[in-house]
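A short worksheet on the structure shown next.
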Amino acid sequence: MLFSSNEDQNFALSRFESMLKTNNVFFFDSAEFEDIIHHYLDSGKVGLAKKAIKIGLEQHPSSVSLKLMEIELMVFENKLDEAEKLLDALYILETTNAEVYIQKANILSKRDQHYKAIELLKMSLEYSTDLADVNSLIGMEYLFIDDFKEAKKHFMKCIEIDIDDYSSLYNTIYCFEFLEDIDGAINYLNEYIDKNPYSEVAWHQLGKQYFIKKMFVEALAAFDFAIIADDRFIGAYLEKGKVLEKLGEYKEAIHNYQITLELDDPTSFAYLRMGKCYEKLGKNDLAVKFYYKTVHEDPLLDKGWTAITDFYVKQENFQKALYYINKAINIDTENVSYWKRSAEIHRALQLYEEADIAYQKTVELGNYELSTWIAWADILKLLGEYENTTHVLLQALEFYPDHARIEYRLAGVYFTLGEQNKGTFHLKNALRNNFKKHLLFQELFPNVFMRVSVKNIISQFKKSST
């Protein structure tokens, strides 16, 4: 426990710091040193904490608590070998001290020996007076090895000991979600709420689970109860707004987002959602206004920039869309969604060379969607760069083997290049995979389609398949 009063705390701290400045030696009992060390660690003043440990051990060389604090700090600083030597020496004298087992487990955990850490933590349960803390540590170790079932059991034990342990409640629900057991999470939360009906955190988590299940009416009720329990709970208003959007209640959703702006500093998320709602209501001026507020609040939020860009794309105002997507790219040149939008906008503006560059960047950044490959190939075809078109399409085939939309394009380009054998090969592949799509081939390559040799391949295939 920390100092019994602020006065005691300030007095002990001021005496200790005075001692450091003047080199006078003042005596403190070991409990005072522990409190001083805790204070510095909680304040992030590690250097002062180390000084307090050093002086504390000089005054109380046999204090096990101070030695354990020294070890804890060593582990924090990754001085694992030194910490282990001190622990081994301490264990001989303190075989029933839970903290010795916990610190040893901490070292093993840092060395990624999580199973051994769990064994030691379970041993510490026999001697610990803080079972919730140890069970939480065990739960975290199980999370490290992706054993979510066991982790969940130990976090639940923490909640059994302390029903207001919200950290363990969050971790329990996280385990349910990772196990894709949303029904289990809902049942658990309902049981928890029966015991703790005024828990805004539990109602909030329950609402989120209902939202995942698309049970929007139930989700709305849960968020309402969270707000009843705490009418300043911003997260509940935000989540309620999302539900209302799903229900088409855009005005009411805006109202809830507006409340969050009044309760605390505005968030880019709230501005973005309000913009989306106004757009749904057909209030385009207000929609754009809130999209601008979104990017002003958080210039690095990609959803804000894409919302503005998409808004102008829908209005077919591609020049403005281009302006804003370029601003976005200047902020984050590695954002793949920006580059894909840039490519699509340049294509709409018939700026094909710029579209080619943007599609290339999109693929380089890891977007391998079929639509990206197809659009890029079509741009290169429009530019008359047939060799590059085949190169792109052959790359696409690696991701989408035998896909008719790719095969028909390859066939058309190879025939255009005069490579009859390759053209025939890919045309037959395309016909085999999707005969009906040969009308797409006719649309994309009308001159090739009119060739007698090509018509013969198609007609022969049609006869053999009927």
Condition check for Leu382: in contact (Cβ under 8 Å) with a residue 24 or more places away in the chain, within 28 Å of Gln319 (Cα to Cα) and open to solvent by 60 Å² or more (accessible area, probe 1.4 Å)
yes
The range 159-202, residues that are open to solvent by 70 Å² or more (accessible area, probe 1.4 Å), not charged (D, E, K, R) and not in a helix (DSSP H, G or I)
Tyr198
Residues that are of a type outside the set (Val, Ile, Thr), open to solvent by less than 60 Å² (accessible area, probe 1.4 Å) and part of a helix (DSSP H, G or I), drawn from the range 61-88:
Ser65, Leu66, Leu68, Met69, Glu70, Leu73, Met74, Leu80, Ala83, Glu84, Leu87
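Quick check on Ile53: is it of a type outside the set (Phe, Trp, Tyr), open to solvent by less than 20 Å² (accessible area, probe 1.4 Å), at pLDDT below 75 and in contact with a helix residue (DSSP H, G or I) (Cβ under 8 Å, 6 or more places away or on another chain)?
Yes; evaluated as a whole, the condition is true for this residue.
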Residues Glu419, Glu398: which one is farther than 28 Å from Thr306 by Cβ, open to solvent by less than 70 Å² (accessible area, probe 1.4 Å), at pLDDT 90 or above and not hydroxyl-bearing (Ser, Thr, Tyr)?
Glu419
Breaking point among (1) within 30 Å of Gly139 (Cβ to Cβ); (2) open to solvent by less than 60 Å² (accessible area, probe 1.4 Å); (3) not acidic (Asp, Glu), for Leu41
(2)
Report, by residue number, each residue of the range 369-418 that is of a type in the set (Ser, Thr, Tyr), within 20 Å of Arg451 (Cα to Cα) and touching a Lys or Arg at 6+ places or on another chain (Cβ under 9 Å).
Tyr408, Tyr414, Thr416
Collect the residues in the range 203-230 that are closer than 28 Å to Met140 by Cα and open to solvent by less than 60 Å² (accessible area, probe 1.4 Å), keeping them in residue-number order.
Trp203, His204, Gln205, Leu206, Gly207, Gln209, Tyr210, Phe211, Ala226
For the range 231-258, the count of residues that are at positive phi and open to solvent by 50 Å² or more (accessible area, probe 1.4 Å) equals 0
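The values are calculated or read from the model by the stated rules, or taken from the named source; none is laboratory data. If you're wondering where the values come from, they're calculated on a predicted model, not measured in any experiment. Note that we place each Cβ from the backbone using ideal geometry, even for glycine, and neighbour counts take in every protein chain shown. Note: accessible area is taken over every heavy atom of the protein model, side chains too, but ligands, DNA and RNA are not part of it. Shrake-Rupley method; radii C 1.70, N 1.55, O 1.52, S 1.80 Å.
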